[in-house]
Amino acid sequence: MYLSNAVNIFITVFAAIFPIVNPLGGAPIFLNFVRRCSPQVREQLARSVAIYGFLLLLGSLAIGAQVLLFFGVTLPVLRVAGGLVVTAVGWSMLHQGDEPADRTQGEELSEDRARDQAFYPLTLPLTVGPGSIATTVALAAGHTATWRTDPLLQLSTVLGAVGGLLAVAVTVYFAFREAPTIERVLGKTGTSVLVRLFAFILFAIGVQIVWLGARELLAELSVR
């Protein structure tokens, strides 16, 4: 039961975040920034971007929903709103062009400048942007549980979610490190197919989160 829950959460988080972060689509853009850098520096930058991106997403997962709840947004409303955000992002990605809409091409960076800009803009917003942060907050809202539930179930949920974010970060690292190979082998068509496949999964996850929130709102209305 606990292992199954952890695996389900892992798959949900990875499938929701991966198409927005889009490491395969972002690799050629990353390469455009660091083309003048040596392979060793590119690897260091890929590692830094993966670590920074993981920490950003982990922070969003850990406290994003709690911040909104602090301002009086109820959990069912948060789920509906977050689910609508995820659904909108998934729908937009299903119909967007081949080039990522929210990523700037930018100029080639020297090694010194690239190191200084590992966080901005290489991590934020090139890799982890507002869409992925909002989706992470929505996922946290969709799976929020009180600490009065089974502690092992809670632990398996946390481990599954962190594992999903870690898997995304690892994918970012390898995709950016091997950006020249991906650009040569996968091409635009292969990248587009993968992105749209995960975008449809993301759309379905958003609908599921909206349904959970709407069902809770209807239950509250019936009680009143």
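For the reader, a short list of remarks on this structure follows.
- If you go through the stretch 146-173 and keep only what is without any contact (Cβ under 8 Å) to a residue 12 or more places away in the chain and of a type outside the set (A, V, I, L, M), you end up with Thr146, Trp147, Arg148, Thr149, Asp150, Pro151, Gln154.
- Boolean, Val21 is β-branched (Val, Ile, Thr), without any contact (Cβ under 8 Å) to a residue 40 or more places away in the chain and under 19 Å from Gly129 (Cβ atoms): no
- Of the listed requirements (1) among the hydrophobic types (A, V, I, L, M, F, W, C); (2) over 14 Å from Tyr173 (Cβ atoms); (3) in contact with a Leu (Cβ under 8 Å, 6 or more places away or on another chain), Phe54 misses just one: (2).
- Residue, farthest from Phe18 (Cα to Cα), within the stretch 191-224, restricted to residues that are charged (D, E, K, R) and out of contact with any helix residue (DSSP H, G or I) (no Cβ under 8 Å at 6 or more places or on another chain): Arg224
- Checklist (1) touching a Gly at 6+ places or on another chain (Cβ under 7 Å); (2) over 26 Å from Ala50 (Cβ atoms) applied to Ala219, failing item: (1)
- If you filter the stretch 166-190 down to residues that are aliphatic (A, V, I, L, M), surrounded by fewer than 21 Cβ atoms within 10 Å (Cβ to Cβ) and in contact with a helix residue (DSSP H, G or I) (Cβ under 8 Å, 6 or more places away or on another chain), you find that the one that is modelled with the lowest pLDDT is Leu186.
- Selection status of Arg79, in contact (Cβ under 8 Å) with a residue 60 or more places away in the chain, closer than 30 Å to Ala118 by Cα and of a type in the set (D, E, K, R): no
- Taking first residues from the stretch 208-219 that are closer than 22 Å to Val13 by Cα and partners that are in a helix (DSSP H, G or I) and of a type in the set (Gly, Ala, Ser), the Cβ contacts under 7 Å between residues at least 6 apart in sequence or on separate chains come to Ile209/Gly82; Ile209/Gly83; Ile209/Ala138; Ile209/Gly142; Val210/Gly83; Leu212/Gly142; Gly213/Gly83.
- Considered as a group, the residues in the stretch 22-65 that are of a type in the set (Val, Ile, Thr) and closer than 30 Å to Ala140 by Cα include one that is farthest from the chain's Cα centre (by Cα), and that residue is Ile29.
- Residues in the stretch 25-52 that are surrounded by 18 or more Cβ atoms within 10 Å (Cβ to Cβ) and among the small types (Gly, Ala, Ser): Gly25, Gly26, Ala27, Ala46, Ser48, Ala50.
- Residue among Gly53, Gly59, Gly72, Gly82 that alone is small (Gly, Ala, Ser), modelled with pLDDT under 85 and within 22 Å of Gly131 (Cβ to Cβ): Gly82
The values are calculated or read from the model by the stated rules, or taken from the named source; none is laboratory data. Predicted, not measured: the structure shown is a model, and the values here were computed from it. With ideal geometry, Cβ positions are generated from the backbone for all residues, glycine too; neighbour counts draw on all protein chains shown.
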